[in-house]
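Trainee: My structure is below; once you've seen it, I'll send some questions.
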Amino acid sequence: MITELGHFTLILAFMVAIVQAVVPLIGAHKRLPGWMAVAEPAATTQFVLVAASFAALTYAFVVSDFSVQLVYLNSHSAKPMLYKVSGVWGNHEGSMLLWVFILALFGAMAAWFGGNLPPSLRARVLGVQAAVGVAFYAFILFTSNPFLRLDVVPMNGQDLNPLLQDPGLAFHPPFLYLGYVGLSICFSFAVAALLEGRVDAAWGRWVRPWTLISWVFLTIGIALGSWWAYYELGWGGFWFWDPVENASFMPWLFAAALLHSAIVVEKRESLKSWTILLAIMAFSFSLIGTFIVRSGVLTSVHAFATDPERGVFILGILVIFTGGALTLFAARASTMQAKGIFGIVSRESALVANNILLAVSSLVVFVGTMWPLVAEMAFDRKLSVGAPFFNMAFTPFMVILGLILPIGSMLSWKRGRAERVIKQLVPAFMLAVALAGLVWAMQTGRSMLGPVGVFLGAWLVSGATIDLLNKTGKKRNYARLLRLPRADWGKAVAHGGLGITMLGIAGLMAWDEERVLVAQIDEPFTVGQFEFILKGVETVRGPNYVSDMAEVAVLKNGTEFSRVFPEKRNYPVQQMPTTEAAIDYRFLRDIYVVIGDAQADGGYVMRVYIKPFANWIWAGCILMSLGGLLSLSDRRYRVAAGARKAAPIAGVPAE
């Protein structure tokens, strides 16, 4: 009964979305207040209905209702409760229901917190958001229904993919979806502004918090996925440049560019057309990512589905919304004339450079991701584009971005003085050069990657610190720091977090050590400056798996300082083995141990890695997210105040 109720509420949400997509847009065009007012209650109703549908599917997983086909295929009665819940979105149909749930959530939030928007703009934003929802409701109901029943109820389920039975991956998809589905509201604001024929400072203030919250969630989601890949897959890497990884990374780059470009619209009323285009492209790349994950056109270990029919449906959604928005953009671009004038040396110019680097780097990732498909279709050749291409093609843009970021963030608006900023940043530059030189002198026979990463990390962190200290005045009144707007603190923390992540990535790639061997019980072996002793291997039973767990002592200078317990698990239901790495986490390095198969001579295959600065990668991501949240907490107040002031002017539609 509850399952049928969930299916019914999903159909009702689809019908409400159709009303929300049609009536408010007609009302805004014809200036009918009653019709425009339909948008807000419709958005709330749609969210309540799809939330009820999602709750019904979750209930089916929690109680192990194996009469529901999706539960049977992705759950098991012996599975821990956390993974029963995460099984809801650990499959194609359930993840698409989560997709529309978050889409409706952002639409409802725009209705709840958009009271200061001009009525016509609010109606158009909610109408466009609902139109996107209509397309995806149709996709779910006609091709991916999660509520199908089985004629014969099985005794138990087939279990969830064991690789997905992990806390990191349980929370990774919701955060990721809150990010790149959240970009839909930025898309809706952009299309609504094009329909209004007006983009001004007030629009920039309205769109910034939505962009920021989407970017923060996307940062957290990508970081969780990277961390999961690092400790769960057993290969010791944090990023593989897999098509599905790239599918979330490309919108993140465009969202970062949009966030900075919207600042220029708000402060200077410049870059209007470019900002609208970025908002369209950010969500379009989210749709491209959805197509990659669910169409099967590209091979990926993360792909949800390989059904060409579903792929064609999503491709149609992508073409309609991206093509329609770009066509509208081409028709309306001439009306979005920039008002602010700025010099070559100014914060605006620095933000333009920031945008170009982020957008081009995202397009580089896109070309590398799609090129195997293009090569197969156009030249009948099977190609693989891997990490070497991406590292060589993508890295230079990030290095240049890191170099200009501290300077650009300290330049004045409209017309800046580069020599003044450079003089202020001399201590930061000297510190960065000194640390890079020290690293260069300490390493032997290594590449420049490590010193360059240390330089960029120190340069960004110290540059952000100096930017904050400059706000204390010439007499260094540090009490002023407590009175600074949270946006200033957020900017400094986020930029510093980027520096720490860059340092962590460069250090890990430049200085990691690896050894693969057959280890014998109680026979020591060395990797780098550490000594390892395999003490034994025993069989351990978990709730739904059987594990061979090794005990490994780790010594330095003859003194034991840690014991780690790598596992090789087997899940009987799915007949699938998994590797559970054991990691000794430390501030400057990780010791990463993986146990393999038993050998005929009584030994075990082992892989041991020394991973310098690994944790700095995710620490930097945490700081970037924290910086975004700090800025968001400040902007809520400023957006509301600005919107109230600007509403009477912005509310006049230019038609």
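Just so it is clear, none of the values below were taken in a lab; they were calculated from the coordinates. On a predicted model such as this, the values are computed, not experimentally measured, just so you know. Please note: Cβ atoms are built from the backbone with ideal geometry, for glycine as well, and neighbour counts cover all protein chains shown.
Trainee: Dipole magnitude of segment 420-511 about its Cα centre, charges +1 at Lys/Arg Cβ and -1 at Asp/Glu Cβ only, in debye to the nearest 20? Mind showing how you got there, number by number?
Mentor: Working: 11 positive and 2 negative charges, 122 e Å.
The dipole of segment 420-511 has a size of about 580 debye.
Trainee: Now for a different question. Taking 0.36 nm per residue of sequence separation and subtracting the Cα-Cα distance, how much length would be gained by fully extending the chain between Ala434 and Gln337, in nm to one decimal? If you can, show how the numbers build up before the last one.
Mentor: Values: separation 97, 0.36 × 97 = 34.92 nm, distance 4.64 nm.
Residue separation times 0.36 nm, minus the Cα-Cα distance, leaves 30.3 nm.
Trainee: Can you find, among Ile583, Phe240, Val128, the residue sitting farthest towards the positive end of the charge dipole of the chain, where Lys and Arg contribute +1 and Asp and Glu -1 at Cβ?
Mentor: Comparing the listed Cα positions along the dipole, Val128 ranks first.
Trainee: Shifting gears a bit: Scale the Cα Rg of segment 356-503 by the rule-of-thumb value 2.2 N^0.38 Å and send over the ratio, two decimals.
Mentor: Numbers: Rg = 19.6 Å, N = 148, 2.2 N^0.38 = 14.7 Å.
Here the Cα radius of gyration is 1.33 times the empirical estimate.
Trainee: Another one. What are the radius of gyration and Dmax of segment 420-511, computed over its Cα atoms and given in Å?
Mentor: 15.1, 49
Trainee: Could you compute the FRET efficiency for Arg31 and Ser633, with r as their C-beta to C-beta distance and R0 at 45 Å, rounded to 0.05?
Mentor: Working: r = 36 Å, r/R0 = 0.81.
Here the calculated transfer efficiency is 0.80.
Trainee: Please give the peptides 504-512, 353-361 ranked by average Cβ packing (other Cβ atoms within 10 Å per residue), highest first, as a rough proxy for protection.
Mentor: Working: 504-512: 22.8, 353-361: 19.3.
In decreasing order of mean packing, 504-512, 353-361 become 504-512, 353-361.
Trainee: Roughly how many debye, to the nearest 20, is the charge dipole of the chain about its Cα centre, given +1 on each Lys and Arg Cβ, -1 on each Asp and Glu Cβ, and no other charges? Show your work: numbers first, answer last.
Mentor: Details: 50 positive and 40 negative charges, 779 e Å.
The calculation lands at about 3740 debye.
Trainee: Per-residue HN-Hα couplings for segment 212-229, Karplus 6.51 cos²θ - 1.76 cosθ + 1.60 at θ = phi - 60°, whole Hz, x for Gly and Pro?
Mentor: 5, 5, 5, 5, 4, 5, 5, 4, 4, x, 5, 5, 4, x, 5, 5, 4, 4
Trainee: Still on this structure, please answer the following. Which order do Lys471, Lys267, Lys30, Lys79 fall in if you start with the one that has the fewest other Cβ atoms within 10 Å?
Mentor: Numbers: Lys471 14, Lys267 17, Lys30 9, Lys79 23.
Fewest-to-most ranking of Lys471, Lys267, Lys30, Lys79: Lys30, Lys471, Lys267, Lys79.
Trainee: Oh, and also: Just to confirm a number: summing +1 for Lys and Arg and -1 for Asp and Glu over residues other than Leu481 whose beta-carbon lies under 11 angstrom from that of Leu481, what do you get? Could the numbers behind the result be given before it?
Mentor: Numbers: positive: Lys471, Arg476, Arg480, Arg483; negative: Asp488.
Charge balance near Leu481 sits at +3.
Trainee: Quick one: Cα centre-to-centre distance for segment 149-174 and segment 90-123, in angstrom?
Mentor: Using only Cα atoms to place each centre, the spacing works out to 27 Å.
Trainee: Could you calculate the contour length gain from Ala598 to Asn477, that is, 0.36 nm times the residue separation minus the distance between their Cα atoms, to one decimal place in nm? Write down the numbers at each step before the final one.
Mentor: On the way: separation 121, 0.36 × 121 = 43.56 nm, distance 6.49 nm.
Taking Ala598 through Asn477 to full extension adds about 37.1 nm, to one decimal.
Trainee: D for the chain, whole µm²/s, Stokes-Einstein with Kirkwood Rh over alpha-carbon pairs at 4 °C and 1.567 mPa s: what number? Please report the intermediate quantities before stating the final value.
Mentor: Working: Rh = 26.7 Å.
My calculation gives 48 µm²/s for D.
Trainee: Need the list of lysines near Lys382 for cross-linking: C-alpha distance under 18 angstrom, and skip anything on the same chain fewer than eight residues off.
Mentor: Excluding near neighbours in sequence, the set is empty.
Trainee: Something else about it: Choose one of Val367, Phe217, Ala492: the residue whose Cα lies farthest towards the positive end of the charge dipole of the chain (beta-carbon charges +1 Lys, Arg; -1 Asp, Glu; about the Cα centre).
Mentor: Ranked along the dipole, the leading option is Ala492.
Trainee: Toward the positive end of the charge dipole of the chain, about the Cα centre and with charges on Cβ (Lys, Arg +1; Asp, Glu -1), which of Phe171, Ile320, Ala78 goes farthest?
Mentor: Ile320
Trainee: Shifting gears a bit: Just the C-alpha atoms of segment 241-290: what Rg/Rh do they give, with Rh taken as the Kirkwood radius? Walk me through the numbers before you get to the answer.
Mentor: Details: Rg = 12.1 Å, Rh = 11.2 Å.
Looking at segment 241-290, the ratio lands at 1.08.
Trainee: While we're here: Using a cut-off of 16 Å between alpha-carbon atoms, which aspartates and glutamates can reach Lys611, once sequence neighbours fewer than 8 places away in the same chain are excluded?
Mentor: Glu232, Asp512, Glu513, Glu514, Glu531, Asp584, Asp590
Trainee: Could you give the size of the charge dipole of segment 513-615 about its Cα centre, using +1 on the Cβ of each K and R and -1 on the Cβ of each D and E, expressed in debye and rounded to the nearest 20? Before the final figure, lay out the partial values.
Mentor: Working: 11 positive and 15 negative charges, 64 e Å.
Here segment 513-615 has a charge dipole of around 300 debye.
Trainee: Per residue, what volume in Å³ does the Cα convex hull of segment 473-585 take up? Each step should come with its number before you reach the end.
Mentor: Numbers: hull volume 26.9 nm³, N = 113.
It is 238 Å³ per residue.
Trainee: I would also like to ask the following. Apply the Kirkwood formula to segment 194-304: the hydrodynamic radius equals the inverse of the mean of 1/r over all pairs of different alpha-carbon atoms; give it in Å with one decimal. Mind showing how you got there, number by number?
Mentor: Details: mean 1/r = 0.0652 Å⁻¹.
Its Kirkwood hydrodynamic radius stands at 15.3 Å.
Trainee: Among the lysines, select those whose C-alpha is under 27 Å from the C-alpha of Lys84, and discard any that sit fewer than 8 residues away in the same chain.
Mentor: Correct list for Lys84: Lys568.
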